[in-house]
1. Just give me the residues in the stretch 29-75 being closer than 13 Å to I130 by Cβ, open to solvent by less than 30 Å² (accessible area, probe 1.4 Å) and of a type in the set (F, W, Y), in sequence order.
2. Any idea which of G81, G68, G44, G87 is on the phi > 0 side of the Ramachandran plot and either of a type outside the set (V, I, T) or under 14 Å from the mean Cα position of the chain (by Cα) (or both)?
3. Does G139 satisfy the condition of being open to solvent by 50 Å² or more (accessible area, probe 1.4 Å), part of a loop (DSSP other than H, G, I, E, B) and either modelled with pLDDT of 95 or more or on the phi > 0 side of the Ramachandran plot (or both)?
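The values are calculated or read from the model by the stated rules, or taken from the named source; none is laboratory data. Remember, it's a predicted structure, so these values are computed and weren't measured experimentally. Positions of Cβ are backbone-derived with ideal geometry, glycine not excepted, and every protein chain shown enters the neighbour counts. Quick note on the areas: whole protein, heavy atoms, side chains included, nothing else; ligands and nucleic acids left out. Shrake-Rupley method; radii C 1.70, N 1.55, O 1.52, S 1.80 Å.
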Amino acid sequence: MKRLGLFFFVFLLALPSPALAQDDTAQQVAEGFIAALNVRDFQGMAEFFSPEAKGQLLTPVGLTEATGGTEVGEGFRSIFGGASSFGIAEPEIEPVGTKLHLFYKFRVVFEDQAYHGEQHVYVRLEDGLISSIDMLCSGIFPVER
């Protein structure tokens with residue numbers, strides 16, 4: 001009987017938040033964030049964040065912590081800003097509890113070498129803006145020629 005109760009508890013935790021699932025604003029904010037990243041508009045990314053937003057960006061190089069959209073944008077600039085080419089493929093957005101999960105693959109070119117990777121991003125929204133962001137990057141891997 002305890003197992004059945006535990007199963008239902010875990011099942012309920014896995015259900016999408018009705019507030020997020022029905023909130024077009026959250027979807028638009030997530031899509032706007034991905035679109036700004038896709039064109040590497042790091043300053044434009046700041047529009048999607050509250051001024052006191054907290055960010056944690058984890059890459060194989062280390063953890064970058066940021067406060068506010070400008071600092072978060074600069075964190076992404078440190079990863080992709082020096083690339084000669086960058087593009088996002090296969091973006092997905094889905095609610096997970098009280099957060100949105102953003103997933104995308106990317107292709108980036110540094111010094112004539114193409115690389116690929118992927119990122120998982122979890123954002124929390126308050127009043128139509130991102131109030132927290134946690135990003136995990138797979139790292140970049142050379143594209144075989």
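1. F33, F49
2. Values: G81 fails: on the phi > 0 side of the Ramachandran plot; G44 fails: on the phi > 0 side of the Ramachandran plot; G87 fails: on the phi > 0 side of the Ramachandran plot.
That would be G68, the only listed residue that is on the phi > 0 side of the Ramachandran plot and either of a type outside the set (V, I, T) or under 14 Å from the mean Cα position of the chain (by Cα) (or both).
3. Values: open to solvent by 50 Å² or more (accessible area, probe 1.4 Å): no; part of a loop (DSSP other than H, G, I, E, B): yes; either modelled with pLDDT of 95 or more or on the phi > 0 side of the Ramachandran plot (or both): yes.
No: the conditions fail for G139.
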